[in-house]
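Here's the structure we're looking at; comments come further down.
The values are calculated or read from the model by the stated rules, or taken from the named source; none is laboratory data. All of these numbers come straight from a predicted model, not from anything done at the bench. Don't worry about glycine lacking a Cβ; one is built from the backbone with ideal geometry, like all the others, and counts go over all protein chains shown.
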Amino acid sequence: MSRIAPHSGEFRLFLTPAGKAVAPDLVAPLLPIVRALGREHELPFARIACPVEQPTLVRAKQAVTNHPRAALRCLATAELWRIHRAALDGSLGRAGRQGASLLDLKTELGRRMLRRCRLCPRRCQVSRIAGQTGFCKLTQAASVAGYSMLYNEGPLVGQPTFGLFLAGCPLRCGFCYRPQDLHPQKRQHSSPEQMASLLDQAADAGAESWHFLGGNPDQSIVAVLESLRHVRHSRPIVWNSAVYLSRKALELLKGVVDVWVPDLKFGNDACAHRLAGVQDYSAVVRRNLLSLRNEPYVVVRHMRYPGHNLCCDAVISRWLSRNLPTAIPHFFDCCGFAGDVKPSNSTMERG
Ligand code: SF4
């Protein structure tokens, strides 16, 4: 068995109606329980390679422009976006070794976006750089709510994948299975260097990929990009999120993320409003999913929720086969909820 990563004291263990234990996370305290339950309950702990051969991060760290990193601060935002687009298209010429990288461009653009934060459709317009907080309650630092080696996380991500759970979320789903990660805690705030150290330790311990999830990692894009500038290793990056975020925020992720694992939770806006407290879910999330059409590794997750077979499950299945036929659908059942629930801490209020 491979080494087990340090973990934050939390893990998931479910019992199915048939009495079978399902333990998606392999963490040290879980092993005696799994052993006591007997061999038939053991999960496959075998290593599975992530199909990404060379992490995109390697390229994202190479120089793409002749502007030195420090000079980016002096460029207009429109010019930075122009260079960023050209870098993603591969239409920039060769850059000198001292030039800024795509990752440098992204972090500079990201920091500017945090000055009047509109990373997601909540559009709080607060200066997270100056320490203000909006709906997600995050300043510019990420809030690491937990981390663990994960097994059995579905296709393409490899096994084990190192899960970094980041707190803060723009949705308030009543069926959220990690409600403790909705609100960042002060003690959980991590510097980019601390996050980089966790990622490097996980790579040393045998992680096939680095897996950002939550909560929701979209609100912490800038902190994640900063941390990636400090890592010694590189691993394929898995982005497992609600994709309820702005077009520009999604652009910041392209060229760094290797495996996209977006959620498609609701088949229509009425269910999204009733269960998660947002009005514009379908337009935002479907637009973002469509913009991933040319990405090679996309797994769309949908949790089947009791009573929503026709309005959500069937609609999502049809939409995916018509609009995103190359993505892998990953449908799974909601554990522990029956019947309708209200959004948690409802919902459209700002920080
Ligand atoms: S919820 Fe957070 S990420 Fe979204 S706009 Fe508000 S402050 Fe920005």
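Within the stretch 281-309, which residues are more than 23 Å from residue 211 (Cβ to Cβ) and at pLDDT below 95?
Matches in the stretch 281-309: 305, 306, 307, 308, 309.
Suppose the filter is aliphatic (A, V, I, L, M) and more than 17 Å from the chain's Cα centre (by Cα); does residue 250 pass it?
On the way: aliphatic (A, V, I, L, M): yes; more than 17 Å from the chain's Cα centre (by Cα): no.
So residue 250 fails the test.
Which numbered condition trips up residue 162, out of (1) closer than 18 Å to residue 52 by Cα; (2) out of contact with any helix residue (DSSP H, G or I) (no Cβ under 8 Å at 6 or more places or on another chain)?
That leaves (2) as the condition not met.
Restricting attention to the stretch 240-265, which residues are within 15 Å of the ligand (Cβ to nearest atom) and without any contact (Cβ under 8 Å) to a residue 40 or more places away in the chain?
Of everything in the stretch 240-265, those that are within 15 Å of the ligand (Cβ to nearest atom) and without any contact (Cβ under 8 Å) to a residue 40 or more places away in the chain turn out to be 241, 253.
Only one of 71, 87 is surrounded by fewer than 20 Cβ atoms within 10 Å (Cβ to Cβ), more than 16 Å from the ligand (Cβ to nearest atom), of a type outside the set (Ser, Thr, Tyr) and part of a helix (DSSP H, G or I); which? Spell out how you get there, then give the answer.
Details: 87 fails: surrounded by fewer than 20 Cβ atoms within 10 Å (Cβ to Cβ).
Just a single option satisfies the conditions, and that option is 71.
Would you confirm, using the coordinates I've provided, whether residue 285 is surrounded by 15 or more Cβ atoms within 10 Å (Cβ to Cβ), touching a Ser or Thr at 6+ places or on another chain (Cβ under 9 Å) and of a type in the set (Val, Ile, Thr)?
Values: surrounded by 15 or more Cβ atoms within 10 Å (Cβ to Cβ): yes; touching a Ser or Thr at 6+ places or on another chain (Cβ under 9 Å): no; of a type in the set (Val, Ile, Thr): yes.
So residue 285 does not fit the description; no.
Scan the stretch 96-126 for residues that are near the ligand (Cβ under 10 Å from one of its atoms) and polar (S, T, N, Q) and jot them down.
Within the stretch 96-126, the first condition is being near the ligand (Cβ under 10 Å from one of its atoms), and the residues that meet it are 113-114, 116-126.
Within the stretch 96-126, 125 is the sole residue that qualifies.
Here is a yes/no grid of residues against (1) assigned to a helix (DSSP H, G or I); (2) touching a Pro at 6+ places or on another chain (Cβ under 6 Å); (3) within 19 Å of residue 229 (Cα to Cα):
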| position | (1), (2), (3) |
| --- | --- |
| 157 | no, no, no |
| 169 | no, no, no |
| 174 | no, yes, no |
| 196 | yes, no, yes |
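Quickly run through the stretch 127-138 and pick out the residues that are β-branched (Val, Ile, Thr) and either closer than 18 Å to residue 180 by Cα or near the ligand (Cβ under 9 Å from one of its atoms) (or both). So that I can check it myself, show each step before the final result.
Initial filter on the stretch 127-138 (β-branched (Val, Ile, Thr)): 129, 133.
Within the stretch 127-138, 133 is the sole residue that qualifies.
Can you tell me which residue in the stretch 154-180 is surrounded by the most Cβ atoms within 10 Å (Cβ to Cβ), limited to those that are without any contact (Cβ under 8 Å) to a residue 60 or more places away in the chain and within 16 Å of the ligand (Cβ to nearest atom)?
The selected residue is 166.
Which pairs have Cβ atoms under 7 Å, sit 6 or more apart or on different chains, and link a residue in the stretch 112-126 that is outside any loop (DSSP other than H, G, I, E, B) and modelled with pLDDT of 95 or more to one that is more than 8 Å from the ligand (Cβ to nearest atom) and basic (Lys, Arg)?
Short answer, once both residue conditions are applied: 113/248.
Does residue 225 fit the bill of being assigned to a helix (DSSP H, G or I) and either surrounded by fewer than 19 Cβ atoms within 10 Å (Cβ to Cβ) or out of contact with any helix residue (DSSP H, G or I) (no Cβ under 6 Å at 6 or more places or on another chain) (or both)?
Details: assigned to a helix (DSSP H, G or I): yes; either surrounded by fewer than 19 Cβ atoms within 10 Å (Cβ to Cβ) or out of contact with any helix residue (DSSP H, G or I) (no Cβ under 6 Å at 6 or more places or on another chain) (or both): no.
Here the answer is no, as residue 225 does not meet what is asked.
Please go through the stretch 139-153 and pick out each residue that is in contact with a Gly (Cβ under 8 Å, 6 or more places away or on another chain), assigned to a strand (DSSP E or B) and more than 16 Å from the ligand (Cβ to nearest atom).
Of everything in the stretch 139-153, those that are in contact with a Gly (Cβ under 8 Å, 6 or more places away or on another chain), assigned to a strand (DSSP E or B) and more than 16 Å from the ligand (Cβ to nearest atom) turn out to be 146, 147, 148, 149, 150.
Does residue 201 count as over 16 Å from the mean Cα position of the chain (by Cα), surrounded by fewer than 24 Cβ atoms within 10 Å (Cβ to Cβ), within 16 Å of the ligand (Cβ to nearest atom) and touching a residue at least 24 places away in the same chain (Cβ under 8 Å)?
Values: over 16 Å from the mean Cα position of the chain (by Cα): yes; surrounded by fewer than 24 Cβ atoms within 10 Å (Cβ to Cβ): yes; within 16 Å of the ligand (Cβ to nearest atom): no; touching a residue at least 24 places away in the same chain (Cβ under 8 Å): yes.
The answer is no for residue 201.
Kindly list the number of the only condition in (1) surrounded by fewer than 22 Cβ atoms within 10 Å (Cβ to Cβ); (2) within 12 Å of the ligand (Cβ to nearest atom) that fails for residue 54.
(2)
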